[in-house]
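Taking it in order: structure first as structure tokens, then the write-up.
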Amino acid sequence: MQTIADLKSYRVLETSNIEELKSEGFVLEHLKTGARLVLLSNQDENKVFSIGFRTPPSDDTGVAHILEHCVLCGSRKYPAKDTFSQLLKGSLNTFLNAMTFADKTIYPVASQNDKDFQNLMDIYMDAVLYPNIYQKEEIFRQEGWSHYLESTDAELQYNGVVYNEMKGEFSSPERVLYRQQLNSLFPDSIYSKEYGGLPEEILQLKYEDLLAYHTNYYHPSNSYIYLYGNMDMVEKLEWLDREYLSALERMDINSRIDLQPAFSKQAYTENEYSINAHDSEEDNTFLSYNAVIGTKLDRELSISFQILHYALIGAPGAPLRKALMKTGIAKNIVGIYMNSMIQPVFSITAMQSNTEQLSVFTDTIHDTLRQITTEGMARDFLLAGLNTYEFNYREADFGRFPKGLHYGIQIMDHLIHEGNNPFISVETNQIFERLRTRLSTRYFEELIEQYLMNNPHSSVVVLKPRRGLGQIQEEALKAKTRDYQQSLNDHETQRLIEQTEALKEYKSTPSTKEQLDKIPMLTRDEIANHTSCISQHEHLVDHTLVLHQELYTNGIGYLRIMFDLGNIPEELLKYAGILKHVLGHVDTKNYEYSTLSNQIGIHSGGIYTGLAVYANTKQMDAFKPTFEFSAKILYDKLDFAFDMIEEMMLRSKLNDSERLYEIIREMKSDMQMYFVSSGHLTAQNRSLSYHSQSGYFRDLISGVAHYQLVSKLEAHFEENRDLLISKLQELCRAIFRPGNMMVSYTSDAEGFALLESHVQRIKSGLHADASVEDQATGFTTAQKNEGLVASSQIQYVAQTSNFLSKGYAYHGVLKVLKTILTYEYLWHEILVQSSSSSKDWMFSLYREEDPDRRSVVNLGTDGLAMLE
């Protein structure tokens, strides 16, 4: 039997038995082209393939980002211009996308179906190496940008998917701040360039520039190919060589990414971002302290700073965050450790502050860090951070993001920066063991001194608000566009009109049946006729329903304690969204909130509060809202999880007005960020609230209505303080009662055997207040059709409707209809025809009741008050 080492087209550079991932790892070089390949062979049926390229930007035109969009619009073997949407409709993929980073672009796919996986590999390899962009300039003009001129007397405009997407991105002040942070720290590096594209600079990119960029960088000699999972690796390697790699010659491609030389002194920069005309410039400035932390090739240093981020600023009650909040200079303090660049950055930001408070901001950082390094870091914070990250690494739960892809990106990061032993990026057990022994030393204090206190390669960034800046910029662009249009002669004007018509024709002309038929689709025989089932058992423990999902979980128990909110009146229920943020973040009878958080981090994988809606798909206006505690614990820590949940639920001090005000300020700040960055979801959820009971509930506890309540409390806290405290206390008594409780637990049989006594114990301590008056949850909805004002360069419009009111019960067929509406209609009419940002439109299917009439919400700069 042929082995990988026997293959004549490749050279094995490195092998490794990666016990942590139960994988056999290989690093190969394709001899003819120099392509680098990484294989992780294991028993995971969710197979992953990706091909990536080192793509350093040389300007702010977003060429790498635009190219990423363009190459998936048809290729040599698969010429259909909507190949990507066809795959979204017809593939059994578990992941299908493309991603542009500051220094690389990757094209990953994943599937559990062998035939589907092979099809996806072929389509992606052909797309990146032989895209249709060389034959169709319209692809660039659709995905990147184009002039739009319908007639000689029409106004010249600009359009394009990436152009519109980046206008949306830079509507967020956090995105503007991120760009300024990188500019301040890496002025001579590729990281000073906006790889996604600055909207005004995107308009400078030429079609010829795009083709040249593809020719320069999209070649096997500059590629990194990754295979993960349970497959015949030899067969895949032979196929790659035979079908693609062997046809090309080695090229000398200079895509090296150099380090930014260290600074001799700290940098300082100021910039502006746009706010609405009615917003105040006071208390809206961002103050940011940023420091470069070595290189990401030092894996131990990188993990150490993830732990330090938690211990200094990420954890509830973390000392640096607490000290900054105590100064009162900002509504919120956030920290982030950014390690997507070769030189990671540790950043601390005061949000909604003022320029005059900059010295207090920087002095507090320096004084607090000096005190920490002198007196020693509280070990519980470090231990909690270490355990939290180690638990997450071992659990390897990345949601819908396949863990195999996560590992692949980490390995690729190491390879593109020419690090030794790329597998060190996924081998972390020994690092955590070493760091655990260093908790008894000054290791972490010395890191603080070296990288945060005495590091001249750092910056202070001030981002100030300016009323109407977005409108000023838009008017400047319009003026520039008018001047350009007026400068055109008749021939040039006619050429733009012809280009506009050609692009409109290209967009409106569907791919031919012959082209579509070339895209491989699975036959019914190639699709498994069975699904994996999870064994679920129902138990009654002291009359409480306990659901047990019996599953091998590697010794981790997943606990969820749910409380029915269906008997809580609206006037009380609207405070549930606040209660969710308060429990676990205020002192309790036995713990300060920082100690509580540390204990949870030390002894578990996390304990969280949440609010959820469970659908009734057959009955109008029926749904089950719940307040939930969820925990991830090792089996022998189950008693600890119940102890902590009981402490949070029954013994939280809800009368600490100072702490409550801090939480309210943070909540408002976080929601303001979310509404702008996720405008499509904000508009959709608000629209659903008009005549959907469950939509109304969502809006009440996390949407616009919730934000309005939080804003009122933040603005008039002193006069509303006592009311807030009483409502939270009353809400706890109403929710946490025995009759409201249900438990869900995922573990194997051994883990479940420990559960029953804990359920009985926590139930016995719940409120049994007979004075609490039950009242069936019911809301009075109203049609509004409103406009919401936001500091955004683009608008988000949502329309919702209801199938239950038309007599249709929920059925799996509706999932098929959702796919048809999304990828047959909306994809073509909105994404393609109007060049909308791919991030800003969606079709969603809700399994609970939806509005019985259509409703519309508009969110954007114009803030339209009514839509007819």
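Compared with the alpha-carbon gap, the fully stretched path from residue 269 to residue 523 is longer by 85.6 nm at 0.36 nm per residue. Per residue, segment 295-361 exposes an accessible area of 25 Å² to a 1.4 Å probe, with every protein chain left in place. The residue among 634, 516, 451 whose Cα reaches farthest toward the positive pole of the charge dipole of the chain, with charges on the beta-carbon of Lys, Arg, Asp and Glu, is 634.
Each eigenvalue of the Cα gyration tensor of segment 203-361, multiplied by 5 and square-rooted, gives one semi-axis; in descending order these are 44, 23, 16 Å. If Lys and Arg each add +1 and Asp and Glu each add -1, what is the summed charge of the other residues whose beta carbon sits under 10 Å from the beta carbon of residue 18? For residues surrounding residue 18, the net value is -3. Placing a pseudo-label 7 Å from each Cα along the Cα-to-Cβ vector at residue 15 and residue 639 gives an inter-label distance of 4.8 nm. Within segment 362-462, which GluC sites (Glu not before Pro) sit in a loop by DSSP and count at most 16 neighbouring Cβ atoms inside 10 Å? Within segment 362-462, the qualifying GluC sites (Glu not before Pro) (loop, at most 16 other Cβ atoms within 10 Å) are 418, 427. Using θ = phi - 60° in the Karplus curve 6.51 cos²θ - 1.76 cosθ + 1.60, the 3J(HN,Hα) couplings for segment 322-337 round to 5, 5, 5, 5, 5, 5, x, 7, 8, 7, 7, 10, 10, x, 8, 10 Hz; x is entered for Gly and Pro. Amide H contacts for residue 35 (H built 1.01 Å from N in the peptide plane; partners 5 or more residues away or on another chain; cut-off under 5 Å): 30. A simple spin-label model places pseudo-atoms 7 Å from Cα toward Cβ; at residue 761 and residue 230 they are separated by 3.9 nm. Proximity of backbone amide H atoms, modeled 1.01 Å from N, is registered between residue 790 and 860, 861, 863 at under 5 Å, excluding neighbours fewer than 5 places apart on the same chain. Backbone geometry of segment 78-94 corresponds, through the Karplus equation with coefficients 6.51, -1.76 and 1.60 at θ = phi - 60°, to 3J(HN,Hα) couplings of 10, x, 4, 6, 10, 4, 4, 5, 5, 5, 4, 7, x, 8, 9, 4, 9 Hz, x marking Gly and Pro. Rounded to the nearest 20 debye, the dipole size of segment 620-762 about its Cα centre is 420 debye, using +1 on the Cβ of Lys and Arg and -1 on the Cβ of Asp and Glu. Report note on the peptides 99-112, 4-17: ranked by the mean count of other C-beta atoms within 10 Å, highest first, their order is 99-112, 4-17. In this structure, the amide hydrogen of residue 354, modeled 1.01 Å from its nitrogen in the peptide plane, lies closer than 5 angstrom to those of 285, counting only residues at least 5 positions away or on a different chain.
Taking θ as phi - 60° and the Karplus parameters 6.51, -1.76 and 1.60, the scalar couplings of segment 712-728 work out to 5, 5, 5, 6, 10, 5, 4, 6, 9, 4, 5, 4, 4, 4, 5, 5, 5 Hz in sequence order, x denoting glycine and proline. For segment 473-571, the per residue solvent-accessible surface stands at 67 Å², with DNA, RNA and ligands left out and a 1.4 Å probe. Run the simple label-point estimate for residue 450 and residue 279 please: 7 Å along Cα→C-beta, distance reported in nm. Modelled inter-label distance: 4.0 nm. Solvent-accessible surface of segment 148-217, averaged per residue with a 1.4 angstrom probe and all protein chains in place: 37 square angstrom. For segment 62-113, carbon and sulfur atoms together expose 50% of the accessible surface, with a 1.4 angstrom probe and every protein chain in place. Surface composition of segment 583-701: carbon and sulfur atoms hold 46% of the protein heavy-atom accessible area at a 1.4 Å probe. Per-residue accessible area (protein heavy atoms, 1.4 Å probe) orders 656, 126, 188 as 188, 656, 126, starting from the largest. Of the chymotrypsin sites (Phe, Trp or Tyr not before Pro) in segment 612-663, which ones lie in a loop per DSSP and count no more than 10 other C-beta atoms within 10 Å? Answer in residue order: no site qualifies. If you take every DSSP beta bridge fully contained in the chain, what fraction is antiparallel? Give it as a percent rounded to 5. Bridges in the chain are about 80 percent antiparallel. Here the gap between residue 825 and residue 246, fully extended at 0.36 nm per residue and compared with their Cα-Cα distance, gives a gain of 204.4 nm. Within segment 355-455, list the trypsin sites (Lys or Arg not before Pro) lying in a DSSP loop whose Cβ has at most 10 other Cβ atoms in a 10 Å radius. Answer by residue number: 400. The 1.4 Å probe gives accessible areas that order 82, 639, 116, 153, largest first, as 153, 639, 82, 116. Relative protection proxy for 536-543, 180-187, from highest mean packing down: 180-187, 536-543 (other beta-carbon atoms within 10 angstrom). Once all protein chains are placed together, residue 227 keeps about 0 Å² accessible to a 1.4 angstrom probe.
Take the Cβ-Cβ distance between residue 406 and residue 814 as r, set R0 to 35 Å, and report the resulting FRET efficiency rounded to the nearest 0.05. Using R0 = 35 Å, I get an efficiency of 0.65.
Taking a ≥ b ≥ c as the square roots of the eigenvalues of the alpha-carbon gyration tensor, segment 393-547 is classed oblate because a/c is 1.5 or more while a/b is no larger than b/c. Summing charges over neighbours of residue 355, with a neighbour being any other residue whose Cβ is under 9 Å away from its Cβ, gives -1 when K and R count +1 and D and E count -1. Once all protein chains are placed together, residue 733 keeps about 90 Å² accessible to a 1.4 angstrom probe.
Electrostatic bookkeeping for residue 559 treats Lys and Arg as +1 and Asp and Glu as -1; over the other residues with beta carbon under 11 Å from its beta carbon, the sum is +2. Solvent-accessible area of residue 366, all protein chains in place: 60 Å² (probe radius 1.4 Å, heavy atoms, ligands and nucleic acids excluded).
The values are calculated or read from the model by the stated rules, or taken from the named source; none is laboratory data. If you're wondering where the values come from, they're calculated on a predicted model, not measured in any experiment. Don't worry about glycine lacking a Cβ; one is built from the backbone with ideal geometry, like all the others, and counts go over all protein chains shown. Quick note on the areas: whole protein, heavy atoms, side chains included, nothing else; ligands and nucleic acids left out. Shrake-Rupley method; radii C 1.70, N 1.55, O 1.52, S 1.80 Å.
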